[in-house]
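*Asks:* Quick one: structure below, then a few questions.
The values are calculated or read from the model by the stated rules, or taken from the named source; none is laboratory data. Keep in mind the model is a prediction, meaning the values are calculated, not measured. FYI the Cβ positions are ideal-geometry reconstructions off the backbone, even for glycines, and counts take in every protein chain you see.
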Amino acid sequence: MPNLIMYMAFDYYLFYKPFQVLSQFSAEGDKKTLADFLSGIKKDIYPVGRLDYDSEGLLLLTNDKQLNHQLLNPLFIHEREYWAQVEGIPDAAALETLRNGTTITVNGKAYHTRKASVRQLQPEPSVPERHPPIRYRQHIPTSWLSLRLTEGKNRQVRKMTASVGLPTLRLIRYSIGSVTLDSMQPGEYIKAGAGIRQRLLEH
């Protein structure tokens, strides 16, 4: 109970970041930022980590610095699930390579990714339309993969799928810990209670 009371002093927001939105409040050219969607929240609330401009999905914002440290420090392993729409259909070998770790480039050096839980999503997930949509090519099939990772290198999912010949066309972060997008829509945000903290750290 004392810990819960302490954490109630912090604020926690879950935001469904749309495609082509920066994971920051500060302006950068004419690109959309978090300020276009989250108005009226306290000035000390910031996103925990980031999603790339061309990625979508679950983003946590808080003023809980300890939680920020636990979620971002690689010493504290926690799981995030990504849904990737890829060009092509994965075979068993590609899925196994992704599960066991594949070599990508990080900061100009070869890096072997940690083991991950990877599966093809069948049937394909029901997700909101993206604006603008991905470029449709009639003779090139696409498929959806679920990748559950315990690390977050720069553009890691895109690099992983590309390494097995499956370029990522669309990328959505579906969950952090046991917290998911659920029925949220792009651009929506909700304020969560202190109990969200433990769920974010679960894996």
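*Asks:* Before we move on, is GLY101 at pLDDT 95 or above and touching a Pro at 6+ places or on another chain (Cβ under 9 Å)?
*Replies:* no
*Asks:* Sticking with this one: Give the residues of the stretch 115-145 that are closer than 22 Å to GLN156 by Cα, of a type in the set (Gly, Ala, Ser) and assigned to a loop (DSSP other than H, G, I, E, B), sorted by residue number.
*Replies:* Within the stretch 115-145, ALA116 is the sole residue that qualifies.
*Asks:* Considering only residues that are within 23 Å of SER117 (Cβ to Cβ) and over 15 Å from the mean Cα position of the chain (by Cα), which ones fall in the stretch 170-195?
*Replies:* none
*Asks:* Another one. Looking only at the stretch 146-194, how many residues end up being free of Cβ contacts under 8 Å to residues at least 60 places away in the same chain and touching a helix residue (DSSP H, G or I) at 6+ places or on another chain (Cβ under 9 Å)?
*Replies:* Total satisfying the criteria: 2.
*Asks:* What tally of residues in the stretch 47-72 results from selecting those that are surrounded by fewer than 16 Cβ atoms within 10 Å (Cβ to Cβ), outside any loop (DSSP other than H, G, I, E, B) and not basic (Lys, Arg)?
*Replies:* Result for the stretch 47-72: 3.
*Asks:* Considering only residues that are in contact with a His (Cβ under 8 Å, 6 or more places away or on another chain) and farther than 26 Å from PHE25 by Cβ, look in the stretch 73-103 and name the one that is surrounded by the fewest Cβ atoms within 10 Å (Cβ to Cβ).
*Replies:* The selected residue is ILE77.
Here is a yes/no grid of residues against (1) more than 22 Å from PHE15 (Cα to Cα); (2) part of a strand (DSSP E or B):
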| position | (1), (2) |
| --- | --- |
| VAL157 | no, no |
| THR161 | yes, no |
| SER175 | no, yes |
| GLN185 | no, no |
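*Asks:* Looking at the stretch 175-203, which of its residues are hydroxyl-bearing (Ser, Thr, Tyr) and buried (at least 20 other Cβ atoms within 10 Å of the Cβ)?
*Replies:* SER175, the sole residue that qualifies.
*Asks:* Further question: Name the single residue, out of those in the stretch 98-131 being in contact (Cβ under 8 Å) with a residue 60 or more places away in the chain and within 19 Å of the chain's Cα centre (by Cα), that is nearest to LEU147 (Cα to Cα).
*Replies:* The residue in question is LEU98.
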